[in-house]
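After the structure tokens below, expect a handful of questions from me.
The values are calculated or read from the model by the stated rules, or taken from the named source; none is laboratory data. Since we're looking at a predicted model, the values are computed, not measured. Backbone-built Cβ (ideal geometry, glycine too); neighbour counts: all protein chains shown.
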Amino acid sequence: MKLKVEMLICVQFVLSLMCAQAAFADEDASSKYAKNRRAIGLGDLEFSTTQLSTAGTFTQDDQRIVFESKQLPDEIYDITMELSGLTLTALIDAQKKVAILDGYTTGTSFDTYITKADRALLMAFNTDIFESIFDVNAAGEQLQHVVSIWAEYSTTLGLTLPVFDQETLGYESLCGSIGRPVPATHDDASFNRGEDSSTLDMAYVSPPSWGSCQEADHTWFQIGKNWECIESDHDSNIEKAKGNCFGNCGSGCSGGGLQMTKDCLDYDQCVRNGHTISSAWCNDEFVSAADDEFNALNCAPISVTLSPDNAEEVADASETEANDRALLTPGWKLNKLEKIVSILENKMDRTANELQKALTAKQADLVQEKEISLVRSRMVMRKAVAQINELRAKVESGGEPLSIAIDAETKRQGVFARVSHITDEVESLSQRLQNLKHEERRIEGVVRELKKAQKEVMH
């Protein structure tokens, strides 16, 4: 009681208020932010923090996300989120620069996928945590990076995703090109990378201050001398685009800071030029960009108050990162996969210990949760080990060369390999298709009713 009285007195004076804020920073920041978000209707974010963790809930309308991000020894981060019957997990080793993302049906260990509704909720959550949690602690920063990736995750991409820092490839930072045009390209069933129809010669690396338009992909494309908000689809006559944080890694303008890279620019160009986020043809660009979200240089300190009108006159703000795209060796792949297996083994040991404690305490709900987590970790482990064994067999048999040139054909083969995995999701997707057909029939009925009413009015 005495503490509460002293706090109320402190609030009346500026110097005492500063002391109170220092003593109760976590609780005060959380309650103020939640109140502000409710006031403007973006969602209700409530969270608590310690030096090594960030946890809480995000609610928008009748949808809810429960999240927790923990920093473990050796800069390993364990992140778990639950939303709409979906559990998403991430295990990140910041020192070794590897991560393994995963997702499954809550309450089981079954594979599932991220839907359009899931992405919409994750995008809203991503915006809120960027404004409040990103710089609270290291666990909050890693949470932001992962949510930013999940907010753009394709429905046609399996949720078990190893993420490597592509140290052999490097990443090409575009911090020095903010406000300037950079070529962007993708490949698909009809076009290779670099072909006119699948390439924008001048995709402007667009800072948040450039804003976005309201239609289509919220991106302006130049038609003749005019900038128009349209849905571009492999039009060889269109060579310029800008806006909506073109080139930023992660969802929209609220990824983990402002990370502009060439891979992220190419991914944006793919989903804004004839494809959607769910398109399997953009999955290879997405995977290539995912590691940039974790590791690329943050461009935020660089001035981003540039005007689109004088973009071509703006000089480089800094040097770009080296981007050695020469070779990717099987040894490098094996090394990264073995590191992922190592952090998975550590997680399984921790989960097993937590399971034993839950059994001793007879906590039935926690026992089920830890059992499912352990089963899922084993499944992910088997996938990683299978990749390792397959790669080793290829090298030993001479089927895999000592080095692999990174070119369009290699990436194309990767797309087809992932597309084949999608067949496992057909049963789930077929239900979604039926729902869409039902909605289409409903809309057709509404249109018929409107036409009928229109005729009656005319007569």
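Quick one: Pro183 ticks every box in (1) in contact (Cβ under 8 Å) with a residue 60 or more places away in the chain; (2) not in a loop (DSSP other than H, G, I, E, B) except a single one, so which number is it?
With (1) in contact (Cβ under 8 Å) with a residue 60 or more places away in the chain; (2) not in a loop (DSSP other than H, G, I, E, B) applied to Pro183, the lone miss is (1).
Residue by residue, here is whether (1) crowded, with 18+ Cβ neighbours inside 10 Å; (2) assigned to a loop (DSSP other than H, G, I, E, B) holds:
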site: Met202; (1), (2): no, no
site: Ser212; (1), (2): yes, yes
site: Glu215; (1), (2): no, yes
site: His218; (1), (2): no, yes
site: Gln222; (1), (2): no, no
site: Glu228; (1), (2): no, no
site: His234; (1), (2): no, yes
site: Phe246; (1), (2): yes, yes
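Hey, can you tell me all the residues within the stretch 163-187 that are farther than 14 Å from Met260 by Cα and either surrounded by 22 or more Cβ atoms within 10 Å (Cβ to Cβ) or modelled with pLDDT of 90 or more (or both)?
Within the stretch 163-187, Val163, Phe164, Gln166, Thr185, His186, Asp187 meet the criteria.
How many residues, within the stretch 50-63, are closer than 16 Å to Ala151 by Cβ and either without any contact (Cβ under 8 Å) to a residue 24 or more places away in the chain or surrounded by 17 or more Cβ atoms within 10 Å (Cβ to Cβ) (or both)? First the steps, then the outcome.
From the stretch 50-63, those closer than 16 Å to Ala151 by Cβ are 58, 60, 63; that's our starting set.
Now restrict to residues that are either without any contact (Cβ under 8 Å) to a residue 24 or more places away in the chain or surrounded by 17 or more Cβ atoms within 10 Å (Cβ to Cβ) (or both): 58, 60.
The total comes to 2.
Filter the stretch 199-237 down to the residues that are in contact with a strand residue (DSSP E or B) (Cβ under 6 Å, 6 or more places away or on another chain) and of a type in the set (Ser, Thr, Tyr) and list them by number.
Thr199, Tyr204, Ser206, Thr219, Ser232
On the basis of being surrounded by fewer than 21 Cβ atoms within 10 Å (Cβ to Cβ), without any contact (Cβ under 8 Å) to a residue 24 or more places away in the chain, charged (D, E, K, R) and at positive phi, does Asp74 make the cut?
yes
Moving on. Kindly provide the set of residues from the stretch 140-157 that are more than 12 Å from the chain's Cα centre (by Cα) and either closer than 20 Å to Ser288 by Cβ or among the hydroxyl-bearing types (Ser, Thr, Tyr) (or both), ordered by number.
Of everything in the stretch 140-157, those that are more than 12 Å from the chain's Cα centre (by Cα) and either closer than 20 Å to Ser288 by Cβ or among the hydroxyl-bearing types (Ser, Thr, Tyr) (or both) turn out to be Thr155, Thr156, Leu157.
Being touching a Phe, Trp or Tyr at 6+ places or on another chain (Cβ under 7 Å) and assigned to a loop (DSSP other than H, G, I, E, B) is the filter here, so list the residues in the stretch 274-290 that pass it.
Result: His275, single match.
Any residue that is more than 14 Å from the chain's Cα centre (by Cα), over 21 Å from Asp284 (Cα atoms) and of a type in the set (S, T, N, Q) - is there at least one of those in the stretch 118-139?
Looking for residues that are more than 14 Å from the chain's Cα centre (by Cα), over 21 Å from Asp284 (Cα atoms) and of a type in the set (S, T, N, Q), one finds at least one in the stretch 118-139, hence yes.
Based on this model, can you work out whether Gly257 counts as surrounded by fewer than 21 Cβ atoms within 10 Å (Cβ to Cβ), in the same structural domain as Gly179 (by TED's automatic domain parsing) and at pLDDT below 90?
Taking the combined requirement at face value, the residue does not satisfy it.
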